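Structure, as structure tokens:
The values are calculated or read from the model by the stated rules, or taken from the named source; none is laboratory data. Every value quoted in this text rests on a predicted model; they were computed, and no experiment measured them. Note that each Cβ is placed from the backbone with ideal geometry, even for glycine, and that neighbours are counted across all protein chains shown. For accessibility, only protein heavy atoms count, side chains too; no ligands or nucleic acids. Shrake-Rupley method; radii C 1.70, N 1.55, O 1.52, S 1.80 Å.
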Amino acid sequence: MRETDWYKKMSFYQIWIRSFKDGNGDGIGDLYGVYEKLPYIRSLGVDGIWFSPIYPSPNADYGYDISDYKDIHPDYGDLDLFTKVLDRAHELGLKVIMDLVVNHTSDEHPWFQESRKGRDNPYSDYYIWRDKPNNWASLFEGEAWEYDPERGQYYLHIFAKKQPDLNMDNPKVREEVKEILRFWLDLGVDGFREDVINFISKEEGLPDGLFFLPAARGMSHYKDGPHIHEYMAEFREVCREYDCIQIGEGPMTTVRSALKYLSGPGKSLDMMFSFDHMMADCLYTEYLHRPFRLRKLKRAFSKWQKALDGRAWNALYLENHDHPRVISRYGDGRHGSLRRIPLFWKESGKMLAVSYLFQQGTPFIYQGQEIGMLNIRLNSIEQYADVSSRNNYYRYHVKDSIKKRLKRIHISSRDSSRTPVQWSDERHAGFTEGEPWFYVNNNYHTINVADEENDPGSILNFYRKCLELRKHSRTLIYGSYREYFPKDKRIYLYERRLGKMRYLIICSFVRRPVRVRLPEAYQNRRGRLLLCNYPKTVKKEELNLYAPEGDSVKELLVSKIADHGYFRPYEARVYAFSSK
Ligand code: NOJ
């Protein structure tokens with residue numbers, strides 16, 4: 001019976017394999033590509049990899065519709081190749097965690113193929129079948145029920161039609177899940193990221209739902225359902241036999257409900273991905289976009305930091321395969337057109353790194369985030385591959401003009417994070433020697449790994465510095481968190497503290513210079529500047545770009561270098577103080 005905590009010191013890199021790196025020239029990312037890039041991943045300073053699903057799948061939801069839980073998708077390789085990648089990752093000191101998707105399978109999974117045949121075969125109760133549907137909505141495709149003519153009943157699908165929900169109340173299904181866990185753990189993986197795990201227990205009788213957002217109708221009857229903690233305890237028991245970690249994905253989870261998974265005697269997860277901080281520019285991810293509000297972001301960050309401190313552990317992230325690129329959302333990209341690289345692309349990319357990497361928790365970095373990749377802008381909805389973007393376009397706000405609807409897709413589509421990783425400025429960004437399966441962002445001549453490797457001031461090298469700093473500071477890993485000036489609309493300022501050590505992390509979220517107030521306890525104290533996203537000296541011409549009205553460049557220069565009173569656009573600084 002083990003309870004591990006090695007994950008607290010770690011940081012992870014997330015691979016969405018299809019767009020990571022193609023190693024065999026067929027235009028699709030694969031395990032050959034991963035193998036080749038393992039040293040690169042290690043060089044970032046991360047200690048682990050999370051693989052989004054790499055199992056066989058018809059790709060209705062790009063891997064999150066699994067048709068075989070114990071194999072590798074032929075597009076990506078096979079089990080032998082996976083083992084080779086796993087062994088090499090371990091040799092390099094990287095842990096490997098897999099995606100566990102057991103709220104639903106693909107409709108092409110043999111269990112569903114059997115289940116739909118009738119009501120009296122061994123798999124007939126593996127899924128949720130009804131003669132009459134209730135009023136629940138699917139998060140991805142219309143109503144949550146689909147009629148199956150073969151079985152003569154409706155099946156439940158909270159996500160796409162090709163993702164029927166498993167019936168977790170059936171003990172045989174839970175045994176299958178445990179077998180899947182054992183299969184991968186026996187192979188040597190180090191844990192799981194558990195997809196929409198708070199949805200797996202549905203309320204008895206499946207009552208009709210009420211919800212003001214159409215897509216979430218019914219959610220209160222399947223989120224944190226009645227038997228969830230019993231089922232989670234069963235899975236935890238298997239995982240305890242191994243030295244592994246479990247991270248849950250918790251859409252719409254609250255601090256209160258998350259703590260039930262993360263702490264106390266019934267602890268069933270080591271960390272949970274929450275979504276609150278993803279709502280700082282939207283309501284319910286793809287449904288409704290609003291202007292970015294720093295205060296909303298800070299409130300979400302601080303809520304989770306405070307609530308979990310000393311009781312549980314946060315999973316920190318700004319990007320993953322479900323959200324558009326963060327510089328385009330919370331950085332300088334939100335001001336301009338997607339056709340251009342924003343003026344403060346680099347500065348805001350680095351600032352965003354600082355804003356979350358030094359919070360208490362285990363950081364996750366999504367492929368391409370470390371080089372500052374941006375959203376893509378495609379010309380028609382048909383060019384988008386993602387089922388949920390299409391649903392969004394065809395289902396919501398349909399009275400809006402095509403232009404307006406497409407604009408919403410440009411801002412919100414998950415496909416923006418799924419474009420091929422930009423490795424170099426060679427053809428297809430060095431992602432493949434063949435024809436890429438999806439559009440490469442045409443800004444790859446400027447934004448790519450090879451160029452950033454050669455630039456000491458790149459976003460890539462800045463991520464390395466941040467991770468290095470975090471890794472060597474007990475205060476940044478374990479210290480308590482305190483936010484100052486939560487009402488400030490331009491600056492995010494937080495402190496990490498442990499014993500005599502304190503770190504002050506200051507991030508400007510605006511594209512003009514701002515005067516920064518220091519908390520009283522820090523005024524007139526000498527701190528050591530450990531990290532800044534601007535070079536120490538700035539050329540005069542550069543300053544003209546952002547000299548605030550009424551300030552001469554000279555004054556600005558003096559105030560900046562002497563007392564750091566002004567923060568430059570998107571400036572971020574990390575100071576260390578040790579108490580007298
Ligand atoms: C959450 C995953 O992150 C997302 O990509 C997927 O579409 C849904 N769960 C359904 O599996």
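Data overview
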read-out: Residue in segment 504-523 that is in a helix (DSSP H, G or I) and in contact with a strand residue (DSSP E or B) (Cβ under 8 Å, 6 or more places away or on another chain) present; value: yes
read-out: Matching option when the condition is surrounded by 16 or more Cβ atoms within 10 Å (Cβ to Cβ), within 16 Å of the ligand (Cβ to nearest atom), not in a helix (DSSP H, G or I) and not small (Gly, Ala, Ser), among Phe112, Phe192; value: Phe192
read-out: Residue within segment 306-317 that is at pLDDT 95 or above and closer than 22 Å to Asp386 by Cα present; value: yes
read-out: Some residue of segment 31-41 being under 27 Å from Gly250 (Cα atoms) and of a type outside the set (Ser, Thr, Tyr); value: yes
read-out: Single residue of segment 373-398 satisfying the filter (in a loop (DSSP other than H, G, I, E, B) and not aliphatic (A, V, I, L, M)) that is most open to solvent (accessible area, probe 1.4 Å); value: Asn379
read-out: Residues that are among the charged types (D, E, K, R) and touching a Leu at 6+ places or on another chain (Cβ under 7 Å), drawn from segment 442-482; value: Glu452, Glu453, Arg464, Lys465, Arg470, Arg474
read-out: Members of segment 306-338 that are assigned to a loop (DSSP other than H, G, I, E, B) and within 16 Å of Trp50 (Cβ to Cβ); value: Trp313, Asn314, Tyr317, Leu318, Glu319, Asn320, His321, Asp322, His323
read-out: Any hit, segment 501-514, residues being open to solvent by 70 Å² or more (accessible area, probe 1.4 Å) and modelled with pLDDT under 95; value: yes
read-out: Candidates Ile72, Ile28, Ile66 - the one that is within 22 Å of the chain's Cα centre (by Cα), β-branched (Val, Ile, Thr), away from the ligand (no atom under 13 Å from the Cβ) and in a loop (DSSP other than H, G, I, E, B); value: Ile28
read-out: Pairs with Cβ under 8 Å, 6+ apart, first in segment 21-50 and among the polar types (S, T, N, Q), second buried (at least 18 other Cβ atoms within 10 Å of the Cβ); value: Asn24/Asp30; Asn24/Tyr32
read-out: From Leu100, Leu86, Leu92, residue being farther than 28 Å from Lys162 by Cα, open to solvent by less than 20 Å² (accessible area, probe 1.4 Å) and not acidic (Asp, Glu); value: Leu86
read-out: Test: residue in segment 32-41 that is within 22 Å of the chain's Cα centre (by Cα), open to solvent by less than 10 Å² (accessible area, probe 1.4 Å) and charged (D, E, K, R); value: no
read-out: Yes/no for Ser401 being open to solvent by less than 10 Å² (accessible area, probe 1.4 Å), more than 16 Å from the ligand (Cβ to nearest atom) and on the phi < 0 side of the Ramachandran plot; value: no
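Rundown of residues vs (1) in contact with a His (Cβ under 7 Å, 6 or more places away or on another chain); (2) assigned by TED's automatic domain parsing to the domain that holds Asp400; (3) away from the ligand (no atom under 16 Å from the Cβ); (4) touching a residue at least 12 places away in the same chain (Cβ under 8 Å), yes/no style:
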position: Gly248; (1), (2), (3), (4): no, yes, no, yes
position: Val255; (1), (2), (3), (4): no, yes, yes, yes
position: Asp270; (1), (2), (3), (4): no, yes, yes, yes
position: Tyr284; (1), (2), (3), (4): no, yes, no, yes
position: Leu294; (1), (2), (3), (4): no, yes, yes, yes
position: Arg299; (1), (2), (3), (4): no, yes, yes, yes
position: Ala315; (1), (2), (3), (4): no, yes, no, yes
position: Glu319; (1), (2), (3), (4): no, yes, no, yes
position: Gly336; (1), (2), (3), (4): no, yes, yes, no
